[in-house]
Amino acid sequence: MLTSIPVKLYIGAAGYCTHPEFLTLRGGSVKPVPFPAGFACIIHPVHGAMLLDTGYSSRFFEETAHLPNTLYRHITPVVYQQGDSAVQFLERIGLQARDIRYVILSHFHGDHIAGVRDFPEARFIYLPQAYEAVRSLGPIAAVKAGFLAGLLPDDFTQRSLPVNQEPKPWTEAAAHAGTELLQKFPWNEVYDLFGDGSLLGVDVSGHAEGMMGLLLRTEQHSYFLCADAVWSSRAFREQRRPHPLAGIIMSDRQEYRRNFDKLVQLHRQFPEIRIVPSHCQEVLSAWGTGGSEL
């Protein structure tokens, strides 16, 4: 067992952006390829329905209609239709926006937070350093950091539940889960988000400061939702880091490399764990549920 309590998991995407593949995968094609804006719906047996990120929403286009924010849209072309939204996805699995009690934010880039205003009953869970890194940025610096403040609701701070707890040593979390599988887990510390061992946050900073991945399991499989620690499964499977130019949008290139190497190690040591990058078309095609529980 990876975690102590199984949850239900649904994986979807709300729109996509396009980039030349070689920027995200060393030696990749110069042609633009789609990168889905992935999110996950998690249903906890006690804490109910929640999301990890939200993908794009129509509000992204409103927020990027004028300079300097419009630079974001031109640098990262986005394809999105209203039927792609996380809200529409939830309706296909029998949920309404008001049913979402929490939105866990891996980090604050626009393609991860564009839909948060669609969930008026939700509280927001994130590593505090992720928000502190962007909240006070000026307009140009915010665009460079991929942050559009207008995507957040006006009462964001009041509805926030930042993870202020100290991380647990992995060995303690593993003992709680009753597992002997991962005594040599690549990350030494995890955040027990609900205190029951069901959802374990992992700091995978580098692409963005304070970026958090999520360890969980369903009745069938174990998963590591690794956010943007890589952009594709090929990256960790084939040990192909992004092009150096991709470092322009990283908060810390050295931290990115360290977490990339840990992801490679996780895949090698524990191939049974399903690693889910937020923007991987291969993962979406294989495990994107389209309304079916994993």
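The values are calculated or read from the model by the stated rules, or taken from the named source; none is laboratory data. Note that the coordinates shown come from a computational prediction; the quantities given were computed from them, not determined experimentally. As a convention, Cβ positions derive from the backbone with ideal geometry for all residues, glycine included, and neighbour counts pool all protein chains shown.
A few comments on the model shown:
- Selection within region 217-263: residues that are assigned to a strand (DSSP E or B) and among the small types (Gly, Ala, Ser). The member of this set that is surrounded by the most Cβ atoms within 10 Å (Cβ to Cβ) is ALA227.
- When region 52-75 is filtered for residues that are small (Gly, Ala, Ser) and more than 17 Å from ALA14 (Cα to Cα), only ALA65 remains.
- Of all residue pairs spaced 6 or more apart or on separate chains, those with beta-carbon atoms under 8 Å, a first member in region 86-98 that is farther than 16 Å from GLY115 by Cα and a second member that is modelled with pLDDT of 95 or more and of a type in the set (Ser, Thr, Tyr) are ILE93/TYR10.
- Residue among TYR72, TYR56 that is crowded, with 21+ Cβ neighbours inside 10 Å, more than 19 Å from PHE156 (Cβ to Cβ) and touching a helix residue (DSSP H, G or I) at 6+ places or on another chain (Cβ under 7 Å): TYR72
- Across region 46-83, the qualifying residues are those that are modelled with pLDDT of 95 or more, part of a helix (DSSP H, G or I) and charged (D, E, K, R), and the one among them that is farthest from MET211 (Cα to Cα) is GLU62.
- Scan of region 84-109 for residues that are out of contact with any strand residue (DSSP E or B) (no Cβ under 9 Å at 6 or more places or on another chain) and either under 13 Å from MET212 (Cα atoms) or buried (at least 24 other Cβ atoms within 10 Å of the Cβ) (or both), ordered by number: PHE108, HIS109
- Residues in region 86-111 that are part of a helix (DSSP H, G or I) and either under 24 Å from ARG135 (Cα atoms) or at pLDDT 95 or above (or both): ALA86, VAL87, GLN88, PHE89, LEU90, GLU91, ALA97, ARG98, ASP99, GLY110, ASP111.
- Residue identified as modelled with pLDDT of 95 or more and either surrounded by fewer than 21 Cβ atoms within 10 Å (Cβ to Cβ) or over 22 Å from GLY48 (Cα atoms) (or both) among THR157, THR179, THR171: THR157
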